[in-house]
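Note sheet for the following structure.
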Amino acid sequence: MIRHIRRFFAKLLILACIASVIGGGVAAFGVWYISQDLPAYDQLVDYYPATLTRVHANDGRVMAEFARERRIFVPIDQMPRRVINAFLAAEDKSFYSHPGISVPDILRATFQNLVNYNSNRRPIGASTITQQVARNFLLGDELSITRKVREAILALRIEQALSKDRILELYLNEIFLGGRSFGVAAAALNYFNRTLDELSIAEIAYLAALPKAPSNYHPVRRYEAAVGRRDWVLGRMLEDGHITQAEYQEARAQPLATRQRGPSDIIRADYFAEEVRRDLLARFGEDQLYRGGLSVRTSLDTRMQEAANRALRNGLIAYDRRHGWRGPVSRIVVGPGWERRLAQVHAPAGLAPWRLAVVIALADGGAEVGLTDGSQGLIPFSEMQWARPWRENQRVGNPPRNAGDVVQPGDVVAVEPIDPPRAPVAAAPAGRGRAQTAALTTVQPDTPPTGEVAQAPRARQYFGLRQIPNVSGAIVAMDPHTGRVLAMTGGWSFDGSQFNRATQALRQPGSSFKPFVYLAALENGFTPSSLILDGPIALDQGAGQNVWQPENASRTYLGPTTLRRGIELSRNLMTVRLGMQVGIDVVASYVERFGIMDRMPQVLSMVLGAGETTLMRMVTAYGELANGGVRITPQLIDRVQDRNGNTIFRADQRECANCAGLTWRAGLTAPELPDPRERILDPITAFQIVNIMTGVTTRGTAAQLAALGRPLAGKTGTTNEAKDAWFVGFSPDLVAGVYVGFDQPRPLGQGEEGGRTAVPIFREFIAEALRDTPIVQFRQPQGVRMVRVSLATGQPVRGGERDAIMEAFRPGQDPTSGNTILDGGLPVTQTPGSEQGDSSGLY
């Protein structure tokens, strides 16, 4: 009996061995077969995950981020140890001891999945961090046994090829943690607006809780689950000895509170950022821009950019209000449920930071309005008095007498919160045929469910009536010595239109072009005191062409007038005569030298600014006048570094041969750097034209700037039919330009010239930009002779003359040099000072 039993077990053992060999062979063959087409894991040796490119202003504030995946790469040796420990505790506490797979975890997961076999639960895994790296980088998320086997094989091979720290570095920078965040550094900023070394233990634990299923632990929508998972991670950290019992208790007691970036962390400069993006794309290509993790330091000055945004916005609003109210954004039915209907109204692009509101009722004091949250407030009639009805050709109707002349119940309008008015403004009762109300009868929002505790009444809200301008414009500010663009706004709203009117809009500059005609004259025998006839002119344009009869904007004539006054008062006829005398080919050479146009058409109307250029080009050209006549190139990017901190682009290419090894000490003289800039204009000529242009800002077409009490120079510009309004001006160390006009060119309306439309924008900007800076005079080059002359005649005067000014002359010249009257050798058909024609001209 015993012998039979022994034989049975011997046979059974033999069969088991045979089965094991066959099973092992099948398994080995299966592993071999599956591993035949495995991805090449050696690519991970030199792999760097795609990281976002961050663009910074000159003070380090973030302006923009460009990425396909929101990720910030942090080397493992820069990763805080507590962050590493939290993820190891949550995901793979035996990471530094296993060979790539964890057999105990596999057995435990297998048993649990067998227990849950007939349930609808998703099978649980036992993936180590190495296996997750294999899946995330090489395999994908397919749920199958084959994928798990391939994942295990790759994990074993990866462990042979890479160090543990390199594997962990890849994992912590690649893992998706929700909210478009890839990697722990991006997630720390996204959820808590903190860098990794600023995170609290509770915040670190929450991030470590996310890899399994970020959407299941959303900090707002799934708050309880998120806190529970965070606390579980804290328990694992305590169990593994990474935190103390006191730290554990303190972290558990903290609420899960996310933080968004505040205004102090970011700067809104969308048009500037888009120009930077285009530049980076052209320099480095799409892959580097969106995956390369570049760090870009720009020239943008945050204070000036905010001032530019505010000045342009205020200027466009002021223009828009002068030309009337175009009506409500939309209309809805007023009655129960109006909040829901209001919320369904599509907000027009460019509305922010204003809000939409619906007019609920009218009253003698204004209009009662409601917002989407059910709150209500009053638009006082004082905030509507600007809203005269718009008429064709930018004209307006009669002023409103009451709120009913502007809005009606059901009108959806843009509003902005304002401070309570100091005293109510009475308005005439609504006229017959208008909606009438006695007291402020309002439609109440939907009644809350019975049993809700009534809230204390909120303080009365007041709003201003607003309207998104349909005119647009741009402003650019630049350092005239370097070309660094310090601020740029290319329109009312980037959300409404990404078309950058500072760099892309080709427009006629009008009289802002004239200084370049006059400086050509100054370099070709004229002086600031030269006399040019300001009188009517008629030019034969050739066979089959009409006679050209340009006009001054005022349609008056001053007779013989100094070259200086021609600029200050923007006299068209004097400019035409100068252009004819100097030669249109000579004028074109200066225009092209300053980069205003690449090829200027050589026709005489060009001297009045009839060609097309951009605001950026005009500001650059004026900067070259301000800096004494050396070439500059607009520059938005100061420096670019790659993901490892290596500088791969630097705008300042000057070399300092003596700087190496220098350390600062008291009395050390800064080394002189070479100036590679090309001189394009004689510095004396540059100073002469700048000195003349200061007259524009003190007594000319931009005289309102004199109130700022600073040395400023510039020139207004307005085109035919006032389709475009310009002002470009500068101090000794800052140049800025403003353009206002419609995207589809049409007249801005009566009286809308550069001095009224563009100069106030420049004034608001320059006042803020130069606030708290010392007053600096324009720098006078060597060789300039300053002579006291009469403003009216340009001739030398003795002391005591009221209209005397200091005029700049080059060596060998004086006010009497070449003082014959330039009349162009053309017949004067009318007496100077008389009226002629109906052509508006450019001014």
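Within region 194-217, the residues that satisfy the criterion of being open to solvent by 50 Å² or more (accessible area, probe 1.4 Å) and more than 19 Å from residue 91 (Cα to Cα) are 194, 195, 197, 198. Being more than 30 Å from residue 531 (Cα to Cα), β-branched (Val, Ile, Thr) and out of contact with any Lys or Arg (no Cβ under 6 Å at 6 or more places or on another chain): is that true of residue 694 here? It is false that residue 694 is more than 30 Å from residue 531 (Cα to Cα), β-branched (Val, Ile, Thr) and out of contact with any Lys or Arg (no Cβ under 6 Å at 6 or more places or on another chain).
Every residue, every condition in (1) within 30 Å of residue 527 (Cβ to Cβ); (2) buried (at least 20 other Cβ atoms within 10 Å of the Cβ), yes or no:
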{"position": "752", "(1), (2)": "no, yes"}
{"position": "761", "(1), (2)": "no, yes"}
{"position": "765", "(1), (2)": "no, yes"}
{"position": "777", "(1), (2)": "yes, no"}
{"position": "781", "(1), (2)": "yes, no"}
{"position": "785", "(1), (2)": "yes, no"}
{"position": "794", "(1), (2)": "yes, yes"}
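Just one of the listed residues (367, 403, 414) is under 34 Å from the mean Cα position of the chain (by Cα), open to solvent by less than 10 Å² (accessible area, probe 1.4 Å) and in contact (Cβ under 8 Å) with a residue 24 or more places away in the chain, namely 414. Checked against (1) free of Cβ contacts under 8 Å to residues at least 24 places away in the same chain; (2) not in a helix (DSSP H, G or I), residue 632 meets all criteria but (1).
Just so you know, in region 293-336 the residues that are within 30 Å of residue 646 (Cβ to Cβ) and among the hydroxyl-bearing types (Ser, Thr, Tyr) include one that is most open to solvent (accessible area, probe 1.4 Å), and it is 295.
Region 189-278 holds helices (runs of 4 or more DSSP H) entirely within its bounds, and those carrying 1 or more residues that are over 30 Å from residue 305 (Cβ atoms) and in contact with a Phe, Trp or Tyr (Cβ under 8 Å, 6 or more places away or on another chain) map to 201-208, 223-239. Within region 102-119, is even one residue in contact with a helix residue (DSSP H, G or I) (Cβ under 9 Å, 6 or more places away or on another chain) and either surrounded by fewer than 16 Cβ atoms within 10 Å (Cβ to Cβ) or modelled with pLDDT of 85 or more (or both)? No, region 102-119 contains no residue that is in contact with a helix residue (DSSP H, G or I) (Cβ under 9 Å, 6 or more places away or on another chain) and either surrounded by fewer than 16 Cβ atoms within 10 Å (Cβ to Cβ) or modelled with pLDDT of 85 or more (or both). Suppose the filter is open to solvent by less than 50 Å² (accessible area, probe 1.4 Å), among the β-branched types (Val, Ile, Thr) and over 30 Å from residue 394 (Cβ atoms); does residue 360 pass it? Yes; evaluated as a whole, the condition is true for this residue. Each residue in region 473-488 was checked for being open to solvent by 10 Å² or more (accessible area, probe 1.4 Å) and either in a strand (DSSP E or B) or closer than 19 Å to residue 269 by Cα (or both), and 3 of them qualify. Evaluating residue 540 against the criteria (1) without any contact (Cβ under 8 Å) to a residue 24 or more places away in the chain; (2) open to solvent by less than 40 Å² (accessible area, probe 1.4 Å); (3) charged (D, E, K, R) leaves one unmet condition, (2).
Checking the condition in a loop (DSSP other than H, G, I, E, B) and within 29 Å of residue 501 (Cβ to Cβ), which residue from 570, 589, 605 passes? Exactly one residue qualifies, and that residue is 570.
Results for (1) free of Cβ contacts under 8 Å to residues at least 60 places away in the same chain; (2) farther than 19 Å from residue 322 by Cα; (3) buried (at least 23 other Cβ atoms within 10 Å of the Cβ), shown as yes or no for each residue.
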{"residue": "698", "(1), (2), (3)": "yes, yes, no"}
{"residue": "706", "(1), (2), (3)": "yes, yes, no"}
{"residue": "711", "(1), (2), (3)": "no, yes, no"}
{"residue": "717", "(1), (2), (3)": "no, yes, yes"}
{"residue": "737", "(1), (2), (3)": "no, yes, yes"}
{"residue": "740", "(1), (2), (3)": "no, no, yes"}
{"residue": "744", "(1), (2), (3)": "yes, yes, no"}
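Taking the conditions exactly as written (modelled with pLDDT of 95 or more and touching a Phe, Trp or Tyr at 6+ places or on another chain (Cβ under 6 Å)), does residue 762 satisfy them or not? Yes: the conditions hold for residue 762. Within region 577-593, the only residue that satisfies the criterion of being open to solvent by less than 10 Å² (accessible area, probe 1.4 Å) and without any contact (Cβ under 8 Å) to a residue 40 or more places away in the chain is 588. Is it the case that some residue within region 522-530 is surrounded by 20 or more Cβ atoms within 10 Å (Cβ to Cβ) and within 41 Å of the chain's Cα centre (by Cα)? Scanning region 522-530, I find at least one residue that is surrounded by 20 or more Cβ atoms within 10 Å (Cβ to Cβ) and within 41 Å of the chain's Cα centre (by Cα), so the answer is yes.
Identify all residues within region 635-645 that are within 26 Å of residue 301 (Cβ to Cβ) and in a loop (DSSP other than H, G, I, E, B); write none if there are none. The answer is 636, 642, 645. Within region 742-765, being out of contact with any strand residue (DSSP E or B) (no Cβ under 8 Å at 6 or more places or on another chain) and either among the hydroxyl-bearing types (Ser, Thr, Tyr) or over 30 Å from residue 711 (Cβ atoms) (or both) holds for 744, 746, 747. Of all the residues in region 658-675, those that are within 24 Å of residue 631 (Cα to Cα) and either loosely packed, with under 11 Cβ neighbours inside 10 Å or hydroxyl-bearing (Ser, Thr, Tyr) (or both) number 4.
Each row is one residue, and each column tells you yes or no for (1) modelled with pLDDT of 95 or more; (2) over 18 Å from the mean Cα position of the chain (by Cα).
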| residue | (1), (2) |
| --- | --- |
| 287 | no, yes |
| 292 | no, yes |
| 298 | yes, no |
| 310 | yes, no |
| 315 | yes, yes |
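Residues in region 274-292 that are open to solvent by less than 10 Å² (accessible area, probe 1.4 Å) and not β-branched (Val, Ile, Thr): 280, 289, 292. Is one or more of the residues making up region 490-510 within 28 Å of residue 565 (Cα to Cα), part of a helix (DSSP H, G or I), in contact with a helix residue (DSSP H, G or I) (Cβ under 9 Å, 6 or more places away or on another chain) and not charged (D, E, K, R)? Looking through region 490-510, at least one residue is within 28 Å of residue 565 (Cα to Cα), part of a helix (DSSP H, G or I), in contact with a helix residue (DSSP H, G or I) (Cβ under 9 Å, 6 or more places away or on another chain) and not charged (D, E, K, R).
The values are calculated or read from the model by the stated rules, or taken from the named source; none is laboratory data. In this text the structure is predicted, and so the values were computed from the model without any measurement. As a convention, Cβ positions derive from the backbone with ideal geometry for all residues, glycine included, and neighbour counts pool all protein chains shown. Heavy atoms of the whole protein, side chains included, go into the accessibility calculation; ligands, DNA and RNA do not. Shrake-Rupley method; radii C 1.70, N 1.55, O 1.52, S 1.80 Å.
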